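In what follows, a single structure is set out as structure tokens and then discussed.
The values are calculated or read from the model by the stated rules, or taken from the named source; none is laboratory data. What you see is a predicted model, and the numbers here were worked out from it, not measured in a lab. Every residue, glycine as well, gets a Cβ built from its backbone with ideal geometry; the counts of neighbours run over all protein chains shown.
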Amino acid sequence: MIIFAVQFYKRKMLDKIKALHNEIDAAVASSIDEVDELRIKFISKKGSIGRLFADFKNIPAEQKKDVGQAINTLKNYALEKINLLKESFDASEIGESGLDLTMPGEPMKLGTRHPLALVKNEIIGIFARLGFTVAEGPEIEDDWHVFSALNFPPEHPARDMQDTFFIEKDPDVLLRTHTSSVQIRVMEQTAPPIRSIFPGRVFRNEAISARSHCIFHQIEGLYVDENVSFADLKQTLLQFSKELFGEETKIRLRPSYFPFTEPSAEMDVSCSICGGKGCNVCKYTGWLEILGCGMVDPNVLEGCNIDSKKYTGFAFGMGIERITMLRYGIKDIRHFFENDVRFLKQFESAT
């Protein structure tokens, strides 16, 4: 008697599944909303197939395999039916509008890095391999960080070397003329050893021409520690030049003057275009000036509360525009600021 009851319950469940299969097979829809209604009716948790799964727990264990397979087959069939109906409406919409919203959009070409950014990142990478960290500071500065802390006394003629954009007077607030101001901030806040570079934008009140601009970019470097010598400076700059311009590059240092370094020097590199033989780019000298450098003046160290009797250091600074122009043979600095797509496209392969 029990066996007969079990068989009857199984047959009843299979009859429900068959009837529901026929209902799904005959289902039609006249809109995408009706398709969604069919999905809710058949496939949702409270739909017809969902109720079959709820009744499934009453099936005896020995009958679960056959009934379970039948319910899963029905569910898969219902999913296929709903998807077919949905696709038929998608296709009809495409046919009416001529637009397939499921197709990928037209590819948008990605932009490339600016040539100044390319050279700046390359320079940062070289000094990072030499153990230098990167530090940045504000572009709007005060007199102390731009001039006084760098050994520019009031009324000192060296202040006239840089035409400055002043924002306020008494106290002086100005746009920084060099990233040396960041060197001062780092020395004020960090105890030696210090080994950092300082990339950034600077401003000088100069006439705009093919060779100068009122806005340009610098990277300066600073190394302060015990027993730092001019020989360390020279070897650092030689290694940097070889990595940037090629292994055959030579450098030379010429005496110069900067208020914040003593001794000071200008550094030239052998012309990579003519190999040092002389050309119009290097004005037939075989050399190209790229940066200024020197040993940090003891007054600058003392002004930042660093014991100049215990510590020494070197500093250097270079214009990114200058190096980029030499690197790519660009003859007009104004190209960097005009955002001419024709100019910028030339550097796609360098990105």
| Count of residues meeting criterion [modelled with pLDDT under 85 and within 22 Å of Pro263 (Cβ to Cβ)] in the stretch 161-188 | 2
| said: Every residue in the stretch 226-250 that is closer than 23 Å to Asn121 by Cβ and touching a residue at least 12 places away in the same chain (Cβ under 8 Å), please. | reply: Thr236, Leu237, Leu238, Gln239, Phe240, Ser241, Glu243, Leu244, Phe245, Gly246, Thr249
| request: Could you please find all residues in the stretch 251-281 being part of a loop (DSSP other than H, G, I, E, B) and either of a type in the set (Asp, Glu) or without any contact (Cβ under 8 Å) to a residue 24 or more places away in the chain (or both)? | output: Cys271, Cys274, Lys277, Gly278, Cys279, Asn280
| field | Residue satisfying condition, being hydrophobic (A, V, I, L, M, F, W, C) and crowded, with 18+ Cβ neighbours inside 10 Å, within set Ile320, Ile330 | value | Ile320
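Yes/no per residue for (1) surrounded by 11 or more Cβ atoms within 10 Å (Cβ to Cβ); (2) assigned to a helix (DSSP H, G or I):
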| position | (1), (2) |
| --- | --- |
| His21 | yes, yes |
| Val28 | no, no |
| Leu38 | yes, yes |
| Lys65 | no, yes |
| message | Within the stretch 325-348, does at least one residue satisfy the condition of being in the same structural domain as Gln235 (by TED's automatic domain parsing), closer than 29 Å to Phe230 by Cβ, within 30 Å of the chain's Cα centre (by Cα) and of a type in the set (A, V, I, L, M, F, W, C)? | response | yes
| Residue ID - nearest to Asn151 (Cα to Cα), chosen from residues in the stretch 254-272 that are surrounded by fewer than 16 Cβ atoms within 10 Å (Cβ to Cβ) and not hydroxyl-bearing (Ser, Thr, Tyr) | Glu262
| How many residues, within the stretch 161-188, are within 19 Å of His217 (Cα to Cα), in contact with a strand residue (DSSP E or B) (Cβ under 9 Å, 6 or more places away or on another chain) and in contact (Cβ under 8 Å) with a residue 60 or more places away in the chain? | 4
| Looking at Arg327, Arg322, Arg252, Arg342, which is the one that is out of contact with any Ser or Thr (no Cβ under 7 Å at 6 or more places or on another chain), among the charged types (D, E, K, R) and under 22 Å from Thr177 (Cα atoms)? | Arg322
| field | Unique residue being assigned by TED's automatic domain parsing to the domain that holds Phe147 and either under 36 Å from the mean Cα position of the chain (by Cα) or hydrophobic (A, V, I, L, M, F, W, C) (or both) when the list is Gly278, Gly292 | value | Gly292
| Taking into account only those residues within the stretch 175-223 that are more than 27 Å from Met325 (Cβ to Cβ) and of a type in the set (Val, Ile, Thr), which is surrounded by the fewest Cβ atoms within 10 Å (Cβ to Cβ)? | Thr190
| query | Looking at the stretch 227-253, which of its residues are surrounded by 12 or more Cβ atoms within 10 Å (Cβ to Cβ) and over 19 Å from Phe132 (Cβ atoms)? | reply | Gly246, Thr249, Lys250, Arg252, Leu253
| In the stretch 118-138, how many residues are of a type in the set (Phe, Trp, Tyr) and assigned to a helix (DSSP H, G or I)? | 1
| message | Being under 20 Å from Leu130 (Cα atoms), hydrophobic (A, V, I, L, M, F, W, C) and over 24 Å from the mean Cα position of the chain (by Cα) is the filter here; which residues of the stretch 187-219 pass it? | response | Met187, Ala191, Ile194
| query | Given (1) farther than 30 Å from Phe343 by Cβ; (2) modelled with pLDDT under 80, where does Asn22 come up short, assuming only one miss? | reply | (2)
| Contacts under 6 angstrom Cβ, first residue in the stretch 45-60 being within 20 Å of Ala27 (Cβ to Cβ) and outside the structural domain of Lys75 (by TED's automatic domain parsing), partner of a type outside the set (D, E, K, R) and in a helix (DSSP H, G or I), 6 or more apart | none
| said: Step by step: first the residues of the stretch 109-127, then only those that are touching a strand residue (DSSP E or B) at 6+ places or on another chain (Cβ under 7 Å) and closer than 16 Å to Leu237 by Cβ, then the one that is surrounded by the fewest Cβ atoms within 10 Å (Cβ to Cβ). Which residue is that? | reply: Ile124
| task | Could you tell me whether the stretch 311-321 includes any residue that is in a helix (DSSP H, G or I) and either in the same structural domain as Arg211 (by TED's automatic domain parsing) or not acidic (Asp, Glu) (or both)? | result | yes
| query | In the stretch 288-347, which residue that is among the polar types (S, T, N, Q) and out of contact with any helix residue (DSSP H, G or I) (no Cβ under 6 Å at 6 or more places or on another chain) is farthest from Gln235 (Cα to Cα)? | reply | Asn339
